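Notes for the one structure printed next.
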Amino acid sequence: MATPEDGIRAFMDHLVVERAVSKHTAAAYRRDLVRYASYLNERGVIDMNEVTPALIADFAARLREGRRGRNGSWEKQPLTTASVARAVVAVRSLHRFGHAEGMTAEDPAHTVAPPKPPQRLPKALSLGQVEALLAAPGEDTPLGLRDTALLELLYSTGVRISEAVQLDLDDVWPALRAAEGQPPTIRVLGKGNRERVVPLGSYARAAIDRYLVRARPALAARGSGTPALLLNARGGRLSRQSAWTVLRESADKARIEVHVSPHTLRHSFATHLLDGGADIRVVQELLGHASVTTTQIYTLVTVDHLRQVYLTSHPRAY
């Protein structure tokens, strides 16, 4: 018979000696498994073979709910979903090890999945914040013109930053010179080498045009020649990291207090389209999502927006 304490001791030795995990990783496993051993002790489990999937699921639920004392104060604080998931992973690893080592006849944890973290809604900027962000770089210098073109491009098309910096002059030239009555579009190479066509708005076209006329030649003269649309200060292709820096610094200049991520303008693009009545499948195509289920997260944003408008506007909302 192997007690839970025996199993945990052998498993921790395996982690530290054979797998040579870091001190921090070992400490995290030990902390979670001590909680688990305490729970099993409370339930009167003295043999690892007595553990069932239901017990492990109940352990996870206890962690998530916490426990209050008779006076109402917390004896055990509830853990976040991420912390519970980490504990379940530790328990799964323990039982997988115990089964492989012959301590148990079966692995009771293999059917118990860690809880999934709640779906986080993308953060979209308001129209006013977007306008302030787009105006932040200014157009007094070649780099300011480039940064404005980059930001206008990101918001106009919803492309990822990595997709924007991969664009070459030939990719956007047809859109800049599109005949009247023909929709200006650019071809973008996305994830999985999937190519898609996205419209280019008039503001983005104008910003890119100004950049090409007044800034790119000066930047290109500093390099050895590249077909890239967006150039860095040395005349080479602008990197994804540098483009992200442009976005972050522009947000600081615009005094946007909410967190701005590399996907902020992409999120704002999608949310504002749906708020304006765009079909979700159209937005799916524009974003380059393989499945519409990926795009549906943006509908949660717009529903939340509608709810807020209702609560603040309807006389009998409360």
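The values are calculated or read from the model by the stated rules, or taken from the named source; none is laboratory data. Just so it is clear, the model here is predicted, and its values are computed rather than measured. When we count neighbours, we look across all protein chains shown, and the Cβ atoms used for this are built from the backbone with ideal geometry, even at glycine.
Remarks
- Positions within the stretch 17-72 being exposed (fewer than 12 other Cβ atoms within 10 Å of the Cβ) and at positive phi, in sequence order: 20, 44, 72
- Exclusive hit being among the hydrophobic types (A, V, I, L, M, F, W, C), closer than 19 Å to residue 261 by Cα and not in a loop (DSSP other than H, G, I, E, B), set 212, 151, 145: 151
- Condition broken by residue 252, with the remaining ones in (1) surrounded by 14 or more Cβ atoms within 10 Å (Cβ to Cβ); (2) under 28 Å from the mean Cα position of the chain (by Cα) satisfied: (1)
- For the stretch 255-279, a residue qualifies if it is free of Cβ contacts under 8 Å to residues at least 40 places away in the same chain and surrounded by fewer than 16 Cβ atoms within 10 Å (Cβ to Cβ), and the qualifying residues are 257, 275, 276, 277, 278, 279.
- Residue 79 over 30 Å from residue 8 (Cα atoms), of a type outside the set (S, T, N, Q), at pLDDT below 95 and outside the structural domain of residue 201 (by TED's automatic domain parsing): no
- Filtered residues of the stretch 134-163 (kept if aliphatic (A, V, I, L, M) and either within 18 Å of residue 186 (Cα to Cα) or buried (at least 24 other Cβ atoms within 10 Å of the Cβ) (or both)): 145, 149, 150, 151, 153, 154, 159, 161
- Scanning the stretch 178-198 for residues that are at pLDDT below 85 and part of a loop (DSSP other than H, G, I, E, B) gives 178, 179, 180, 181, 182, 183, 190, 194.
- In the stretch 9-26, the qualifying residues are those that are hydrophobic (A, V, I, L, M, F, W, C) and in contact with a Phe, Trp or Tyr (Cβ under 8 Å, 6 or more places away or on another chain), and the one that is modelled with the lowest pLDDT is 21.
- Residues considered: 85, 90, 175. Of these, the only one that is part of a helix (DSSP H, G or I) and closer than 20 Å to residue 273 by Cβ is 175.
- Note on the stretch 78-113: among residues that are touching a residue at least 40 places away in the same chain (Cβ under 8 Å) and among the hydroxyl-bearing types (Ser, Thr, Tyr), the one that is surrounded by the most Cβ atoms within 10 Å (Cβ to Cβ) is 104.
- Residue 106 meets each of the listed conditions (1) among the charged types (D, E, K, R); (2) more than 13 Å from residue 49 (Cα to Cα); (3) not assigned by TED's automatic domain parsing to the domain that holds residue 29 apart from (2).
- Test: residue in the stretch 117-126 that is basic (Lys, Arg), more than 30 Å from residue 11 (Cα to Cα) and surrounded by 21 or more Cβ atoms within 10 Å (Cβ to Cβ): no
- Consider the stretch 201-218 and keep the residues that are of a type in the set (Gly, Ala, Ser) and under 29 Å from the mean Cα position of the chain (by Cα). The one that is surrounded by the fewest Cβ atoms within 10 Å (Cβ to Cβ) is 201.
- No other residue among 178, 204 is of a type in the set (A, V, I, L, M), within 26 Å of residue 135 (Cβ to Cβ), out of contact with any His (no Cβ under 9 Å at 6 or more places or on another chain) and free of Cβ contacts under 8 Å to residues at least 24 places away in the same chain apart from 178.
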